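Enquirer: Take this structure first; my questions come after.
The values are calculated or read from the model by the stated rules, or taken from the named source; none is laboratory data. These numbers come from a predicted model, not from an experiment. Ideal geometry is used to build each Cβ from the backbone, glycine not excepted, and the neighbour counts take in all protein chains shown.
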Amino acid sequence: MALLRITSPHTHRAGQRTSWVMQMVILATVPGLLVQTWLFGYGTLINLVIAGITALLSEALILKLRNRPIGFFLKDYSALLTAVLLALALPPTVPWWLTVTAVAFSVIFAKQVYGGLGNNPFNPAMVGYAICLVSFPVLMTQWIGASDLIQAGATPSFADSLAAIFGTLPSVDSYTMATPLDAFKHKEGMMSSEAFASIAGLQDANLSSWMFVNLAYLVGGLALIALRIITWHTPVAMLASLALISGLFYIIDPSNAASPVFHLTSGAAMLGAFFIATDPVSSCTSNRGKLVYGAGIGILVYVIRTWGGYPDGVAFGVLLMNFAAPLIDYYTQPRAYGHKKAKKGLTIGGEK
Amino acid sequence: MQSPQIFSFHGGIHPPENKVQSLQLPLGKPSLPRELVLPLGQHIGQASRPLVEVGAHVKKGQAIAINNGFLSSFLHAPTSGTIQAIESRPVAHPSGLSDICIILTPDNADEWTELEPLNDWQSVSKTDVLAFLAEKGIIGMGGAGFPTHVKLQGAHKHPLTHFIINAAECEPYITADDMLIREKTLELILGIEILQHLVEADNVVIGIEDNKPTAIAALQQVIRERQSSIQVAVVPTKYPSGGEKQLIKLLTDKEVPSGQYPADIGILCQNVGTCVSVYEAIQFGRPLISRFTTLTGDALKAPQNVEVLLGTPIDHLLDYADIEDKKLSRLVMGGPMMGFTLDSANVPVVKTTNCVLAATKKELPPPNPEQACIRCGMCEQACPASLLPQQLLWFSKSQEHEKAEHYNLFDCIECGACSYVCPSSIPLVQYYRHTKAEIRDAREAAVKSDIAKQRFEARKARHEAEAAEKEAKRLARQGAAKPAAKKPAKPAPEKAAAAAAPVADDAAKKAKVDLAITKAKLKKLEKALLEAQEKEHTEEISALQLQVDAVKKDIADLEAKVAAAPAPAASKPAAPALSDEAKKAKVDVALASTKLKKAQKQLAEDPDNQELKDKVAGIAADLKAAEEKFDKLGGNTKAAPAATAKPVLSDEAKKAKVDVALASTKLKKAQKQLAEDPDNAEIKAKVEGFEKDLKEAETRFAKLDSAAAAAPAAKPAMSDEYKKAKVDVALASTKLKKVQKQLTEDPDNAELKAKAADFEKSLKEAEARLASLDTAPADQATPAAKPAMSDAYKKAKVDVALASTKLKKLQKQLAEDEQNSELQGKVVEFEKNLKDAEARLAALEAPTAAPADNAAPAVDEDALRKLKIDAAIAKAAVKKAEKALAKAVELGSEDQDSLEQQVSKAKARAEELEQALQNGGQVINKPAEANSNGSDDAEFKERLKKQKVAAALAKAQVNKLKRQLDADPSAESLQQELSAAEQKQQEEEAKLEQLTNTQENR
């Protein structure tokens, strides 16, 4: 009778492993993925396949180089999640090599070089995204327009999407137009109302396409909260601060600023709030810290959208707050049981 | 009856309860096992002491082990039978280690011992009830096993607002408390009432989870029937609501402050099992010999609760519950969240065993491989202590213990909720346990090293004291040899005195040694005090202050004793007092010279230490003074062969002297305080007061002393004046020293300089006066032997002293300001002056020595001593010059050559003097050789001294080289030289040691 000798606890929550967490997050992106594919063509799905293969291959390569068990780590689905998030964030028509570059960079440099899962200080997907945004700004800001607004008059077919991605479609321009955020950013001194009336990218059809995409991500995000995979703190703080600051400027100057609804329903607002900013590894860890962290991202997103050089700011907002996360963690420890107040700061052993 | 308000606590988990299995069958009563194994340590605290011997027959309920200290408990025989053994057996402990157990073989008669209930528990004092409970072996049955009487006593610290009965039983699988409440509802309520009588809390609340509806209903019914004020608080099922701190939060919304106990916030918690056993103990006098235990797990065919005798082996119980051995994969004592695994089933049930979980592999699967922490924060959401487990894991893994503590690692209750929810299957609790243990180890190591340090210091002090004692003994031997040598020249009564003196001397020496030890203790304590003050440990400070005061008092006592010790000798007839004093002076001389040697040694090791130099100078001065005194006393003895006993007056003189000593001690203490806190006006005033006291005491003493001296009629009143002058000199010199010290601290203070000059002048005057007076008695006492020449001699001596003082001062200044060529010039000048003066002195001494010849060997001795001092001074000069040279080398100065010349000159002089010294020693020894073997001794001493000098020189050389090497670490030649010098030093030191040993062996 060889009895097992291990320390307590002897029982563990069944099934809810890290791979399960990653799978759930991937599954939660499905509504957004479907809506995006419905509205903007099969490009996203094709990107997803390319990204997935790249992620698994590069992860396996590095694991081999690092002499780690490949199967064990590939099964945690974390590389696949990075690939999915990147595929959703990249424009549907980007050439295949750009997707490969972004994903490989994410997995190899933003994650594995730091020591693999759990050790990366920055959100890997956003590192890859930012690298490509900086390196190939034109390709990264070309987005498919709403079908009844563009020249082609329809979303690209599967064949056209494939052709666009593998560089054989010369008429890719006929499918693309500026995203609402991009269009609003380049309204060139027009009043808001004029811009919404005259610019193609700001037509109702385009706005509502983006709204549907964002709503789909919201649904997925709420599911994650319901599953207790993420807490409400980061997304709520981020969306609230984004709404608050955009509302503030909208009240001050309605003729030039966009409404909070516009900000919340365009670009990567919801994807960022529920899927990007909530990456646990690179974000803050305490509940209070998550609030600060999310609020910081919301403000940065608005700042970059309004005064920065890029139409959307989720990637940079998240990366900048990743820098700040460890510091925020030091100042947002929860008050432990039996302590009058929470410990704070970097000094050790202040309170005994 | 309204149910009380329920609050909530952070975190918590909802693991599968698995409580149904063990509630299917009614309470079981296993048969008596073949033997009962009763560990002596079933509770927190000291293990019990066995009361019975192997082979003894005990009855059921008879005490077989008694408490061993305050935090301990009794142990009783669970059934009647024979004590088979008292030996080490494996016990139920997470460590899996064995412990001492009493092995009882039942006789199956199950015969009770006579039980004495405490029927009048309401009328007897509460202390008696607590003592009764202690005797019945009642301890907390919830898990920790804290002796109940101790816990109840602690509850009296604060008025209790809540008395909470913990019936939550939040761990999965366990139903022992549930079953106990169902079976013994009334007993439980009565037990609670007894405890309530003892603790008198405002509220009595039973906290119970809502997954025990039967038990809740039973409780409420009994409470209703009895119209009791006990409340039943039904809390939602959530692990770990049964944790003491969590239950308190649930029922009172208060939190037990970190590092404190519930009693500190007026709350007492007791487990239901404890309450029932309290009732049974008081009502029936039944000690704690059995308990309810849950036997559960899928490996058992008949999971159930049992009332089991303590000491029953687990395998007996497993058999009772039909275990399927093949299915068993993990045997857990306690629940699945906080229980610990057992190696084998042959361990016994103890007072805190609430569950035995025989789990199959399917039921409790082995943990999954650990994955990386993704900081998902699920652990944080589950932590009932509101910690950040993910951060703690990080710090534990990277061994950042301070950060882990900062993140409140020690508030972790090891409930396992974080591990339970961790998606990466990280055994978080195990990491925390490990880190906690490491931190505790580190703390213990720190304490240990502190103790080691203290021990080392004590050892050092002891060695110093031993060395002092040895030195004193050596001197005593010498002292004994000398009077013997003089014996034929002296009248018979002296002989008696000589014999009597050592007795008193011994006492004095002992007192002195004691004093030295006490002083060392004081130094240590003061150091500790200073440290404590620096670290602001308030409690330690006051405790240390008390100790310091006590030791200071001891020192004062001892000093008084030391001063008084020779007094008894004074009452003895036949000129004891004088010789006694002489002895004392001699001891003083010896002590001073020892001190000097030690200080010089230290100085040789650390030549740059200004403080040490000052000390050496001070001690040298002391030594000189002591020597002078000794000489004088020795002279007096010879000069006044009257040898009649000193009158009673002398006693008073002694008293005055003690006063002087005390006053001076006080003064010194105050001055020391002043040095630490120079701005404190109060202390200054004190110092002045003490100074005045001291002066008064000294004057009184001087008066008495002189009167005493006057009594023998040999010395006229003039002597009084002499004493006064001497006191003046001493005072002036003290003042001067003080001012000079202040001056070194604040060299720019013109006022101080002026003062110093004033004091110097007055000192000179006083010295001159003293010298003139000194010569007078000398003239009278030995009218023929010493003519006026002596006057010139004294003056020359004063000149020498002055010149040397000045020189020293200048050298000191020079050390502070090396580049000052003016000062250097002056130094050279003074050195010349000094030499002149010394030469003059020597010239004067020579004729003195010549006529003295046989009659006054003392004079010769005197000259020798002078020579010795000269040699020492020369040696010091050599050292100083060498140091200057080293510095010059370091600085790359141009006067290196001249300095080197100086060094060689000084060395030459030192050698010369050494030579002279040796010659002189031989000269003196020659006449002595006739009647004693003292010359051997002296020669030996000379060799020893020379060896010492050689060792010191070698050491100095090593030091010099080392310093040079520091400045230029790449110089190979220097390294070679250094190694050579070190070798030489070792050789010299070895020789020295040999010599010292030989000397000690003599």
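Enquirer: Report the residue count in the stretch A:280-313 for those that are buried (at least 22 other Cβ atoms within 10 Å of the Cβ), in a loop (DSSP other than H, G, I, E, B) and within 14 Å of chain B (Cβ to nearest Cβ).
Expert: Adding up the residues that qualify gives 6.
Enquirer: Can you tell me which residue in the stretch A:328-348 is modelled with the highest pLDDT, limited to those that are assigned to a loop (DSSP other than H, G, I, E, B) and more than 7 Å from chain B (Cβ to nearest Cβ)?
Expert: A:Thr332
Enquirer: Check off (1) closer than 24 Å to A:Pro280 by Cα; (2) part of a helix (DSSP H, G or I); (3) more than 7 Å from every other protein chain (Cβ to nearest Cβ) for B:Gln390 and give me the number that stays unchecked.
Expert: That leaves (3) as the condition not met.
Enquirer: What number of residues in the stretch A:11-54 are hydrophobic (A, V, I, L, M, F, W, C) and within 14 Å of another protein chain (Cβ to nearest Cβ)?
Expert: Matching residues across the stretch A:11-54 total 6.
Enquirer: Let me ask something else about it. May I ask you to verify whether B:Leu23 is under 22 Å from B:Lys136 (Cβ atoms), at pLDDT 90 or above and buried (at least 16 other Cβ atoms within 10 Å of the Cβ)?
Expert: Judged against the criteria, B:Leu23 is not a match.
Enquirer: OK, next. Which of the residues belonging to the stretch A:71-106 are without any contact (Cβ under 8 Å) to a residue 60 or more places away in the chain, within 13 Å of chain B (Cβ to nearest Cβ) and not aliphatic (A, V, I, L, M)?
Expert: Those that are without any contact (Cβ under 8 Å) to a residue 60 or more places away in the chain, within 13 Å of chain B (Cβ to nearest Cβ) and not aliphatic (A, V, I, L, M): A:Gly71, A:Phe72, A:Phe73, A:Lys75, A:Asp76, A:Tyr77, A:Thr82.
Enquirer: Looking only at the stretch B:113-144, filter to residues that are in a loop (DSSP other than H, G, I, E, B) and among the hydroxyl-bearing types (Ser, Thr, Tyr); which one of those is farthest from the chain's Cα centre (by Cα)?
Expert: B:Thr113
Enquirer: Now for a separate question. When residues of the stretch B:322-334 are filtered for being closer than 20 Å to B:Pro16 by Cα and either basic (Lys, Arg) or more than 7 Å from chain A (Cβ to nearest Cβ) (or both), how many remain?
Expert: Within the stretch B:322-334, residues that are closer than 20 Å to B:Pro16 by Cα and either basic (Lys, Arg) or more than 7 Å from chain A (Cβ to nearest Cβ) (or both) number 3.
Enquirer: While we're on this one: So which of B:Glu324, B:Glu363, B:Glu370 is touching a residue at least 60 places away in the same chain (Cβ under 8 Å), surrounded by fewer than 24 Cβ atoms within 10 Å (Cβ to Cβ) and out of contact with any helix residue (DSSP H, G or I) (no Cβ under 8 Å at 6 or more places or on another chain)?
Expert: B:Glu363
Enquirer: Among the residues of the stretch B:402-422, count how many are on the phi > 0 side of the Ramachandran plot and more than 8 Å from chain A (Cβ to nearest Cβ).
Expert: Within the stretch B:402-422, residues that are on the phi > 0 side of the Ramachandran plot and more than 8 Å from chain A (Cβ to nearest Cβ) number 0.
Enquirer: Could you grab the pairs with beta carbons closer than 8 Å, sequence gap of 6+ or different chains, first residue in the stretch A:217-244 and more than 14 Å from chain B (Cβ to nearest Cβ), second one crowded, with 23+ Cβ neighbours inside 10 Å and of a type in the set (Lys, Arg)?
Expert: Within 8 Å, the pairs are A:Ala237/A:Lys290.
Enquirer: Please give the number of the condition B:Ser425 fails out of (1) at the interface with chain A (Cβ under 7 Å from one of its Cβ atoms); (2) polar (S, T, N, Q); (3) within 27 Å of A:Lys340 (Cβ to Cβ).
Expert: All conditions pass for B:Ser425, except number (3).
Enquirer: If I filter the stretch A:208-263 down to residues being buried (at least 22 other Cβ atoms within 10 Å of the Cβ) and hydroxyl-bearing (Ser, Thr, Tyr), which single residue comes out as farthest from A:Ile144 (Cα to Cα)?
Expert: Ranking the candidates gives A:Thr234 first.
Enquirer: Restricting attention to the stretch B:335-382, which residues are facing chain A (nearest Cβ under 9 Å), more than 27 Å from B:Ser22 (Cα to Cα) and in a loop (DSSP other than H, G, I, E, B)?
Expert: Result: B:Asn368, B:Pro369, B:Gln371, B:Ala372, B:Cys373, B:Ile374, B:Arg375, B:Cys376, B:Gly377.
Enquirer: May I pose another question? Take B:Pro303 and decide whether it is surrounded by fewer than 19 Cβ atoms within 10 Å (Cβ to Cβ) and either touching a residue at least 40 places away in the same chain (Cβ under 8 Å) or in contact with a Gly (Cβ under 6 Å, 6 or more places away or on another chain) (or both).
Expert: No.
Enquirer: In the list B:Gln260, B:Gln283, B:Gln227, which residue meets the criterion of being among the polar types (S, T, N, Q), more than 18 Å from B:Pro4 (Cα to Cα) and free of Cβ contacts under 8 Å to residues at least 24 places away in the same chain?
Expert: B:Gln260 is the lone residue from the list that is among the polar types (S, T, N, Q), more than 18 Å from B:Pro4 (Cα to Cα) and free of Cβ contacts under 8 Å to residues at least 24 places away in the same chain.
Enquirer: Out of the residues in the stretch B:54-72 that are at pLDDT 90 or above and not in a strand (DSSP E or B), state the one that is surrounded by the fewest Cβ atoms within 10 Å (Cβ to Cβ).
Expert: The residue in question is B:Gly55.
Enquirer: On the basis of being in contact with a Leu (Cβ under 6 Å, 6 or more places away or on another chain), in a helix (DSSP H, G or I) and under 26 Å from A:Val219 (Cβ atoms), does A:Gly272 make the cut?
Expert: no
Enquirer: Still on this model: Quick one: is B:Phe292 aromatic (Phe, Trp, Tyr) and within 11 Å of chain A (Cβ to nearest Cβ)?
Expert: no
Enquirer: Would you be able to tell me the number of residues in the stretch B:190-224 that are within 52 Å of the chain's Cα centre (by Cα) and of a type in the set (Val, Ile, Thr)?
Expert: Counting residues in the stretch B:190-224 that are within 52 Å of the chain's Cα centre (by Cα) and of a type in the set (Val, Ile, Thr) gives 7.
Enquirer: What tally of residues in the stretch B:77-101 results from selecting those that are more than 40 Å from the chain's Cα centre (by Cα) and under 15 Å from B:Gly41 (Cβ atoms)?
Expert: Count: 0.
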